[in-house]
Amino acid sequence: MSITTITTATQTPTQPDPVEQEVLASRVLQQLAPELAKLEPNDLVTNVALDIPTAVSTVLGSLPEIRAQRDELAAKLPDFDPSALDKLEDYALALSAAHAALLAASQPSSELRAVVEEATEVRELLLSDATALVRRGLLSSESIADLKGPVGFRNISTDVFHLVEAIRARWTDIESKSAITQQELDRAERLQQRLNRLLGLKDQQTPDINAASEQRRRALTLLLRAYDEVRRAITYLRWKTNDIDDIAPSLFAGRGGRRKSTETTPATPATPAVTPATGTTPTTGTQQPTTNSSAATPGAHNAAATPGSEPFLG
């Protein structure tokens, strides 16, 4: 046996890199764009209390066990359309990409964050000085009575402006009796102007944020619709074994869950509607799941009301 042969025989086969095996979620989102665009506004979910990254992880982690049910579902439920199951991974990846795109579009610039941080500190300092001046009768109480408060970028900007104006109006009386300096007031005024400018630039990004929010809502609709269909079918198939939450867990943490083993198993239910949803709710007396419009913008991101009592979604 030659040296080359011996070397080849003892080499360990190269294992594929699992990271390189992953599909790009952004590419999947682009590929699903035509399907997302076909959804009618009335079909889109609203007011769903759902943690999207967790939901995506739950779906992706459950896929092996869900796919293991495919042949039995096809054999025992002839009305079941396997496309809902087959597209789960694509829908989950598309939602992940849409969520990331919305977060990126909604993030304030690094300069805006820095200016807001400084303006917040300046507001607190000027308010503290102004409050002391009011107590000494050097400023009127009205000068600080109508401040907006420290919550919200525009409120901070407005308050800094009013505090600077109030102090400047009585500057000849205040100058020698306060630690406030003219340079501080100039800096505060420029800071407020810069904050206003940056907020105006941010407003110009609103259409992009709205578009990203709409895209995420459409991707969420596709995933919830398909996952619900799969859960309904598997629940019927495995009603007696009662292991739906082991195979396809609810995406809504803390809602529903597996029945206790001590409970009496009810009679086998009627065959559920398993034809892919078209946006209407099956005749089960339940409501269609819905996504909170406030959750569309992170920070409101990351946000939401309690979902409807949709069966098998939690």
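Values in this text are rule-based calculations from the coordinates and carry no lab data. Here the structure is a predicted model, which means the values were calculated and not measured. Quick reminder, even Gly has a Cβ in these numbers, built from the backbone with ideal geometry, and neighbours come from all protein chains shown.
Work out the FRET efficiency for R194 and D51 from their Cβ-Cβ distance, taking R0 = 30 Å, and round it to the nearest 0.05.
Values: r = 36 Å, r/R0 = 1.19.
For R0 = 30 Å, the calculated efficiency reads 0.25.
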Estimated FRET transfer efficiency when R0 is 41 angstrom, pair Q204-D81 (beta carbons, to 0.05):
0.40
Nonlocal amide H pairs with N47, under 5 Å, H built at 1.01 Å
T291, N292, S293
